[in-house]
Amino acid sequence: MHVAHLSLVDYRSYARVEVPLEPGVTAFVGPNGQGKTNLVEAIGYLATLGSHRVASDAPLVRLGAERAYVRASIVHHGRTALAELEINPGKANRARINRSAATRPRDLLGLLRSVLFAPEDLALVKGDPGERRKFLDELLTARTPRLLGVRQDYDRVLKQRNTLLRTAAMARRAGGARSGALSTLDVWDEHLAATGAELTAARLDLVASLQPLVDKSYDALSTGGGPTVLDYRSSMSEDPLPHDRAGIHAVMTAAIAAGRAAEVERGQTLIGPHRDDLVLRLGPLPAKGYASHGESWSYALALRLGSYELLRADGGEPVLVLDDVFAELDTTRRERLAEMVADGEQVLVTAAVAQDVPPVLAGARFDVADGEVHRVAPSE
Ligand SMILES: Nc1ncnc2c1ncn2[C@@H]1O[C@H](COP(=O)(O)OP(=O)(O)O)[C@@H](O)[C@H]1O
Ligand SMILES: [Mg+2]
């Protein structure tokens with residue numbers, strides 16, 4: 001698929017911008033701080049309903065404006081769909097598809113598939129487990145939009161259960177014997193195990209599919225090191241988990257029962273997919289804390305390229321976005337990356353100077369300066 005037109009209103013630095021796009025490679029070129037990432041971030045937001053740079057919506061709305069609009073026409077198998085998102089910080093966002101009545105933003109999931117790689121992705125390797133959980137869950141929902149509902153249900157149950165555990169912990173400290181909160185906990189344990197098992201099973205399945213693709217990408221990018229191994233570490237058990245939902249459900253139920261005292265003591269849920277990690281190994285060692293800067297960078301890129309290959313294999317080739325990556329890579333890796341992605345249906349890259357974009361990726365070019373986006377004629 002590809003984006004044929006992107007339109008932003010009051011998004012980040014843009015009061016209004018219209019960008020006609022084509023399949024193939026398009027480069028956005030301009031000095032730092034001119035609004036290149038803002039453009040591709042908006043595409044990423046439509047695809048994942050989240051920004052790769054910020055956790056809340058407020059910074060996405062132009063200073064002084066109340067709400068932002070992101071619109072894209074998406075061409076897939078020759079058919080065009082118009083996706084629109086209204087971003088209302090502090091209130092519910094609204095979506096529209098093909099100018100129909102307003103709907104929930106999650107209905108947009110799957111309409112635009114995109115994989116975005118940006119310097120921030122180094123945190124996938126060097127950052128906290130939360131970064132890697134977010135990576136997995138975002139890819140899960142891109143492949144299977146229904147799982148966004150499961151993830152949201154799990155988060156809701158978790159919140160309720162934590163409130164109960166906090167209440168129970170306070171009652172205990174105040175000297176109360178057994179608080180009423182504890183008796184309701186059983187019901188929440190079951191909800192937690194049911195939604196938690198579904199999410200965990202989906203993550204394990206994803207990791208198994210992703211593993212060979214990430215390793216292949218790492219291998220193609222780097223000059224040695226590896227193999228890369230994605231090792232899902234569950235808070236439920238030290239032993240490898242069963243791969244089926246019912247089996248995981250049983251393990252989680254047992255772990256919750258065994259951990260009850262510790263959870264009441266701490267006043268929070270200690271078991272479940274919200275505490276899991278995806279350990280990224282490079283050879284025998286974990287990449288975090290051991291890999292060099294270059295290796296970490298290649299690993300992060302391999303995670304995204306692996307995701308791209310996975311979505312590609314599902315059908316519906318995603319839009320690939322490479323934000324500011326070429327300047328970070330040495331010539332060899334730069335050329336290898338360029339060759340790997342050159343045949344993508346649509347590849348959007350940003351760079352501070354045109355020379356950073358490898359010749360294999362010659363294509364359309366826009367100059368981005370002072371909040372304006374200008375198409376550069378091929379001869380220039
Ligand atoms: N909500 C906002 N309102 C107005 N300007 C913003 C907002 N968010 C970011 N900016 C501006 O956007 C610019 C950064 O744009 P960005 O796309 O990250 O630049 P780059 O071209 O380096 O990728 C900064 O000058 C920043 O001040
Ligand atoms: Mg940028």
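Read the figures in this text as sums done on the coordinates, not as results from a lab. If you're wondering where the values come from, they're calculated on a predicted model, not measured in any experiment. Every residue, glycine as well, gets a Cβ built from its backbone with ideal geometry; the counts of neighbours run over all protein chains shown.
Placing +1 on each Lys and Arg Cβ and -1 on each Asp and Glu Cβ, with no other charges, gives the chain a dipole about its Cα centre of roughly 1360 debye. Please report the base-10 log of the normalised intensity I(q)/I(0) for the chain, using a Debye sum with one equal scatterer per alpha carbon and no solvent, at each q in 0.08, 0.09, 0.11 (1/Å). The Debye formula, applied to the Cα set alone, gives -0.46, -0.58, -0.83.
Counting only DSSP beta bridges with both residues in the chain, tell me the antiparallel percent, nearest 5. Beta bridges within the chain, antiparallel portion: roughly 70 percent.
Mean-square fluctuations from a GNM of the chain, with a 10 angstrom spring cutoff on Cα atoms, peak among V187, V19, V214 at V187. Which stretch or stretches of the stretch 224-265 have amide N atoms under 20 Å from the point lying 7 Å from R166's Cα along the Cα→Cβ direction? Of the residues in the stretch 224-265, 260-265 have backbone N under 20 Å from the label point off R166. Put +1 on the Cβ of each Lys and Arg and -1 on the Cβ of each Asp and Glu in the stretch 107-204; which of G196, L136, L108 then has its Cα farthest toward the positive end of the dipole? Positive-end residue among those listed: G196.
Each of S235, G259, T167 was placed along the dipole of the chain (beta-carbon charges, centred on the mean Cα), and the one lying farthest toward the positive end is T167.
Among the trypsin sites (Lys or Arg not before Pro) within the stretch 13-106, those in coil by DSSP and having at most 11 neighbouring Cβ atoms inside 10 Å are K91, R99. The angle between the Cα long axis of helix 146-173 and the main principal axis of the chain comes to about 40°, on a 0 to 90 degree scale.
Can you tell me how much longer the chain between S209 and A250 gets when fully stretched, taken as 0.36 nm per residue apart minus their C-alpha distance, in nm with one decimal?
On the way: separation 41, 0.36 × 41 = 14.76 nm, distance 2.38 nm.
Taking S209 through A250 to full extension adds about 12.4 nm, to one decimal.
Which listed residue (A250, P378, A208) has the Cα farthest towards the positive end of the charge dipole for the chain, taking +1 on Lys and Arg C-beta and -1 on Asp and Glu C-beta about the Cα centre? Sorting the options by dipole projection puts first A250. In units of the compact-protein estimate 2.2 N^0.38 Å, the stretch 122-315 shows a Cα radius of gyration of 1.15. What's the center-to-center distance, using Cα atoms, between the stretch 325-380 and the stretch 134-159 in Å? Rounded to whole Å, the Cα centres lie 33 Å apart. Once backbone amide H atoms are built at 1.01 Å from N, A27 has V349, A364, R365, F366 as its partners under 5 Å, excluding neighbours fewer than 5 places away on the same chain.
Think of each Lys and Arg Cβ as +1 and each Asp and Glu Cβ as -1; about the Cα centre, that makes the dipole of the stretch 68-161 roughly 360 debye. Under a 5 Å amide H cut-off, with hydrogens placed 1.01 Å from N, N93 pairs with N88 among residues at least 5 apart or on other chains. Electrostatic tally near D10: other residues with Cβ closer than 11 Å to its Cβ, Lys and Arg +1, Asp and Glu -1, net +2. Counting every pair of alpha carbons in the stretch 83-205, the share spaced more than 20 Å apart comes to 62 percent. For the stretch 244-380, the normalised intensity computed at q = 0.10 Å⁻¹ comes to -0.58 (log10 of I(q)/I(0), Debye sum over alpha carbons, equal scatterers, no solvent).
Per DSSP H run of n ≥ 4, the term is -39500 (n - 2.57); total these for the chain, divide by its residue number, and report the mean residue ellipticity at 222 nm rounded to 500 deg cm²/dmol. Mind showing how you got there, number by number?
Values: 8 runs with 158 residues, N = 380.
It comes out at -14500 deg cm²/dmol, rounded to the nearest 500.
Separation of the stretch 174-246 and the stretch 264-307, taken as the distance between their Cα centroids, equals 12 angstrom.
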